[in-house]
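Down below is the structure, laid out as structure tokens.
Laboratory data are not the source of any read-out in this text; all were calculated from the coordinates shown. Since the structure is predicted, the reported quantities are computational estimates derived from the model, not experimental observations. So basically every Cβ, Gly included, is an ideal-geometry build from the backbone, and we count neighbours across all protein chains shown.
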Amino acid sequence: MSIVIKTPEDIEKMRVAGRLAAEVLDYIEPFVKPGVTTEELDRRCHDLMVNVQGCVPAPLNYAPAGYHPYPKSICTSINQQVCHGVPGERALKNGDIVNLDITTIKDGYHGDTSRMFIVGEGSIQAKRLCEITFECMWLGISVVRPGAYLGDIGAVIQKHAEKNGYSVVREFCGHGIGQKFHEEPQVLHYGKAGTGPRLESGMMFTIEPMINAGKAAIREMPDGWTIVTKDRSLSAQWEHTVLVTETGYEIMTQSAACRPKPDWIP
Ligand code: MF3
Ligand code: CO
Ligand code: CO
């Protein structure tokens, strides 16, 4: 039980897998429009990953202990769905917010990233939740450097979410990633600065805060995968795969169209 330190060879392969995952999101963006079904988004992403990128979609048949195999290639989490929304016949409508979460496997290595999309015209509240959640992810990333504590990440995320009247989901967290989809460490999106293990260069993990407009409590749907807010409030999430470098961090899941860091964040 320990945190794997990535070699330069591992890191180069993670850059490729991560970029490909981000490029799936770039590609799908114009299709996220009122009337599209989440099944259609899944099929388009699946086909791009398999037929064009030569990737394996990591979610397909993924079966951690206690779960039945995940039936689709991406996760599509709409409105009050927090994460792991399973694509199906539901069509997106104007004003929905949807998280698309892509995990590729290329050459044995994983790239994991997700973004929020606003379908048509979103409400002010929905847009604000997506923005603050994006800022939460970036605040978490901005404290990553050798010698920082893992707990520093969750602390800045929780502070920003709660200052804005939102709550942080506790049951799901960021995770180490590499040749495995989910490995150590668990990256909590809440907690205390100065706690937990110290970061070292070569560590690789995701930062993927799930932020609820209402209370933090969640519920699992009968499909055994989809997680929703218990109070049915909106939920948002953004995710990058991040490497600890000698001087700070490097984002693995970058692409031409991925949104840059907000400029007020150091
Ligand atoms: N991509 C998700 C994460 O960020 C995990 C999805 S597991 C699945 O960790 F099976 F639902 F796809
Ligand atoms: Co992840
Ligand atoms: Co993910």
Requested in this report: With a point put 7 Å past each Cα toward its Cβ, work out how far N94 is from R232 in nm, to one decimal.
Outcome: 2.3 nm
Report task. Give me Rg over Rh for the chain, both radii from the alpha carbons and Rh done the Kirkwood way, two decimal places. Result -> 0.94
Requested in this report: Pull out the extension gain between A193 and R170, defined as 0.36 nm times the separation in residues minus the alpha carbon to alpha carbon distance; nm, one decimal.
Outcome: 6.6 nm
**Report entry** Among the listed pairs K72/K159; K6/K127; K93/K163; K159/K230; K127/K192, those beyond 25 Å (Cα-Cα)
**Finding:** K72/K159; K6/K127; K93/K163; K127/K192
Report summary line: Debye calc, one equal point scatterer per Cα of segment 113-173, no solvent, log10 I(q)/I(0) at q = 0.18, 0.28 1/Å comes to -0.70, -1.25
Report summary line: Along segment 185-191, Karplus-curve 3J(HN,Hα) (6.51, -1.76, 1.60; θ = phi - 60°) to the nearest Hz, with x for Gly and Pro, reads x, 8, 9, 5, 9, 8, x
Report summary line: Normalised Cα Rg of segment 12-154, dividing by 2.2 N^0.38 Å with N its residue count, works out at 1.10
Query raised in the report: Packing-wise, with mean Cβ within 10 Å as the measure, how do 230-236, 155-161 rank, highest first?
Result: 155-161, 230-236
Report summary line: Plugging the Cβ-Cβ distance of E40 and C258 into 1/(1 + (r/R0)^6) at R0 = 22 Å yields, to the nearest 0.05, a FRET efficiency of 0.45
**Report entry** MRE, 222 nm, helices only [DSSP H, n ≥ 4, -39500 (n - 2.57), over the chain, to nearest 500]
**Finding:** -8000 deg cm²/dmol
Query - Estimated inter-spin distance, Y62 and K180, nm [label 7 Å along Cα→Cβ] - result: 1.4 nm
Query - Net charge of Cβ neighbours under 15 Å - reference N94; Lys, Arg +1; Asp, Glu -1 - result: +2
Query raised in the report: Which Cα, out of M210, A63, P146, lies furthest along the positive dipole direction of segment 8-251 (beta carbon charges, K/R +1, D/E -1)?
Result: M210
Report summary line: Row for segment 140-218, column shape: gyration tensor on C-alpha, a ≥ b ≥ c, rounded if a/c < 1.5 i.e. under 1.5, prolate if a/b over b/c, else oblate; value oblate
Query raised in the report: Which residues make up the longest stretch of the chain that has no GluC sites (Glu not before Pro) in a DSSP loop with at most 13 other Cβ atoms within 10 Å?
Result: 1-88
Requested in this report: At most 10 other Cβ atoms within 10 Å and a DSSP loop assignment: could you name the chymotrypsin sites (Phe, Trp or Tyr not before Pro) in segment 29-79 that fit?
Outcome: none
Query raised in the report: Sorted by packing (mean other beta-carbon atoms within 10 Å per residue), highest first, where do 254-260, 78-84, 92-98 land?
Result: 78-84, 92-98, 254-260
**Report entry** the chain: relative contact order in percent, alpha carbon pairs under 8 Å with at least 6 residues between
**Finding:** 23 percent
